[in-house]
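Read the structure below first, then the notes.
The values are calculated or read from the model by the stated rules, or taken from the named source; none is laboratory data. Note that the coordinates shown come from a computational prediction; the quantities given were computed from them, not determined experimentally. Cβ placement follows ideal geometry from the backbone for every residue including glycine, while neighbour counts extend to all protein chains displayed.
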Amino acid sequence: MTDRLVLYPGSFDPVTLGHLDILARACRLFDRVCVLVAASGKPGMWPVARRVELIERSLGDLRCEVDSFEGLLVDEVRRRGAVAVVRGLRSAGDYEHEWSLHGVNRRMLDGFETLWLPARPEFAAVSSTLVRDVARHRGPLADLVPPPVVAAFEAEWSA
Ligand code: ADP
């Protein structure tokens, strides 16, 4: 049987410990995992290439691919021959949003599958938005993001 690829798409602006927990668990469950930073949508705090680089530098022992994509996720699923998309669920709010996203994607691609992994309770309140807010006030980030992201913020603060 060929290796089964799953995609983990998102904004990752920036990558958080919550994202990395989902990624680590996906890597244990599937043969191949590719993290995909979405390049379309509203412009973020950091350019897509910087987000990709920070994910790569935060992987530690995790063996996965990291890339970015533009356009529709279903096209990326088709193009890469992925069997499913992995997403994290932190709350009922996430679920509502994810459910409609899945429905839209399913309508565009028959057989499209989303696999939801529940957030670990300690990361359920962690989001990139929260990280950006804390960082704006130069608050403590070590419990929210991996060391390379802490270092990236600190480098900006001292520039
Ligand atoms: P998007 O803008 O596509 O939601 P995000 O980078 O915010 O991109 O999130 C990507 C995925 O990771 C989403 O499925 C989101 O629910 C999930 N996620 C985000 N933060 C966490 C967390 N702390 N724990 C688990 N999953 C998370």
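Can you name every residue in the range 34-43 that is within 13 Å of the ligand (Cβ to nearest atom) and either hydrophobic (A, V, I, L, M, F, W, C) or touching a Ser or Thr at 6+ places or on another chain (Cβ under 6 Å) (or both)? Correct list: V35, L36, V37, A38, A39. Filtered by the rule that a residue be outside any loop (DSSP other than H, G, I, E, B) and either among the polar types (S, T, N, Q) or more than 10 Å from the ligand (Cβ to nearest atom) (or both), the range 122-145 gives S128, T129, R132, D133, V134, A135, R136. Select from the range 110-121 the residues that are part of a loop (DSSP other than H, G, I, E, B) and near the ligand (Cβ under 8 Å from one of its atoms) and write down the one among them that is surrounded by the most Cβ atoms within 10 Å (Cβ to Cβ). If we take residues in the range 110-121 being part of a loop (DSSP other than H, G, I, E, B) and near the ligand (Cβ under 8 Å from one of its atoms), then A119 is surrounded by the most Cβ atoms within 10 Å (Cβ to Cβ).
Is it the case that the range 6-28 has a residue that's assigned to a loop (DSSP other than H, G, I, E, B), more than 9 Å from the ligand (Cβ to nearest atom) and more than 17 Å from S128 (Cβ to Cβ)? No, the conditions are met nowhere in the range 6-28. Among the residues making up the range 68-113, those that are out of contact with any strand residue (DSSP E or B) (no Cβ under 7 Å at 6 or more places or on another chain) and on the phi > 0 side of the Ramachandran plot are G71, G111. Based on this model, can you work out whether R107 counts as exposed (fewer than 14 other Cβ atoms within 10 Å of the Cβ), within 24 Å of D143 (Cβ to Cβ), at pLDDT 95 or above and over 14 Å from the mean Cα position of the chain (by Cα)? Judged against the criteria, R107 is not a match. Taking (1) outside any helix (DSSP H, G or I); (2) under 14 Å from the mean Cα position of the chain (by Cα) in turn, L54 satisfies each apart from (1). Only residues that are farther than 18 Å from E156 by Cα, surrounded by fewer than 16 Cβ atoms within 10 Å (Cβ to Cβ) and at pLDDT 95 or above were counted across the range 32-59, and they come to 1. Residue pairs whose Cβ atoms lie under 6 Å apart, separated by 6 or more positions or on different chains, with the first residue in the range 70-91 and touching a residue at least 24 places away in the same chain (Cβ under 8 Å) and near the ligand (Cβ under 9 Å from one of its atoms) and the second part of a helix (DSSP H, G or I) and β-branched (V, I, T), are G88/I22. Across the range 64-104, which residue is surrounded by the most Cβ atoms within 10 Å (Cβ to Cβ) among those that are part of a helix (DSSP H, G or I) and β-branched (V, I, T)? Within the range 64-104, the match that is surrounded by the most Cβ atoms within 10 Å (Cβ to Cβ) is V77.
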